[in-house]
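The values are calculated or read from the model by the stated rules, or taken from the named source; none is laboratory data. Bear in mind that the values here come from a model prediction, so they are computed numbers and not experimental data. With ideal geometry, Cβ positions are generated from the backbone for all residues, glycine too; neighbour counts draw on all protein chains shown. Please note that ligands, DNA and RNA were not included when accessible areas were found on the heavy atoms of the full protein model with its side chains. Shrake-Rupley method; radii C 1.70, N 1.55, O 1.52, S 1.80 Å.
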Amino acid sequence: MDAAFALKVLDKAPYVTVSFTRPNGTPYGVPLSLARTDDKTFYFHCALEGDKLDCIAANPTVALSAVTKCAPTVGPKDGSFTLQYKSAMAVGKAEMVTDRNEKIEALRAICQRFLPDHMDALPYGRACSRSEEPMQASLSSHSITAFDDAIARSLERTAVVKIILTEPPTGKRKQYNKEGEEMTNEQLNHEKIFDRAFCRLHSSTCQAL
């Protein structure tokens, strides 16, 4: 599958496994919460010290892998033990983000991806107390969001790492049609085009799905 498919898998996966190389040459893989800001750039956050940063300092090359829609399946035609899935792999270079503004925007992308409904909420502890007038509480909290509050509290003790892909990501998937036949990439792409056309004509139905 093409790079666009692979990026979609990486975007939808609840986590992405990032594989590093330790200073002694041994592998180190860990599932991380990544957010993508363009076709080549991903970010994750971590502590200011630890294995991940030690690995990057020794060897910045990393590998990304993710799987979605993974479902153990009995082969419709032969009763085989198999899986239906969507997967993606990518290779890139990792580096620490040192620019303050870039760190904030990277953390914004991560938080927006995983907790979008909390971004503009009032920070904990800023809700109106019994001794505070509602209007006064509203005015004092109006310009401060939960994200702003988190940045003020945690930015200086949080490391942000940027991964820039060095080659287009690749993807695979396996899926059966209603007749129990394994679908080819051409059939899957045709189905995707059909689904897009259907949704343009029946937008309310697609939203309900």
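The overall shape of the range 42-119 is oblate: from the C-alpha gyration tensor, with semi-axes ordered a ≥ b ≥ c, the ratio a/c is 1.5 or greater and a/b is no larger than b/c. Under the rule a/c < 1.5 gives rounded, and otherwise a/b versus b/c splits prolate from oblate, where does the range 1-69 land using the Cα gyration tensor? Note, shape of the range 1-69 comes out prolate. Once the chain from T37 to E156 is taken as fully extended at 0.36 nm per residue, the excess over their C-alpha distance is 40.6 nm. Computed with every protein chain present, the accessible area of H118 is close to 80 Å² [probe 1.4 Å]. I164 sits among other residues whose Cβ lies under 9 Å from its own Cβ, and their net charge, with Lys and Arg +1 and Asp and Glu -1, is +2. The mean accessible area for residues of the range 13-69, using a 1.4 Å probe and ignoring ligands and nucleic acids, is 52 Å² per residue.
When the solvent-accessible area of the range 1-93 is split by element, carbon and sulfur atoms take up 56 percent of it, the probe being 1.4 Å. Between I104 and Y15, the modelled label-to-label distance comes to 3.0 nm, taking each label 7 Å out from Cα in the direction of the beta carbon. Cross-link pairs exceeding 29 Å in C-alpha to C-alpha distance, out of K52/K174; K103/K172; K86/K178; K69/K162, comprise K52/K174; K103/K172. 3J(HN,Hα) along the range 77-84: 9, 10, x, 6, 8, 8, 9, 9 Hz, from the Karplus curve 6.51 cos²θ - 1.76 cosθ + 1.60 with θ = phi - 60°, whole Hz, x for Gly and Pro.
Subtracting the Cα-Cα distance of M96 and K77 from 0.36 nm times their residue separation leaves 1.8 nm of extension gain. Taking every alpha-carbon pair under 8 Å whose residues sit at least 6 apart, the range 1-66 reaches a relative contact order of 41 percent. Note on D117 and T61: the extension gain reaches 16.8 nm, defined as 0.36 nm multiplied by sequence separation minus the Cα-Cα distance. To the nearest 10, the accessible area of F114 is 80 Å² with a 1.4 Å probe.
The phi torsions of the range 93-106, fed into the Karplus equation with coefficients 6.51, -1.76 and 1.60 and a -60° offset, translate into couplings of 10, 9, 8, 5, 8, 10, 6, 4, 5, 5, 4, 5, 5, 5 Hz, rounded to whole numbers, with Gly and Pro shown as x.
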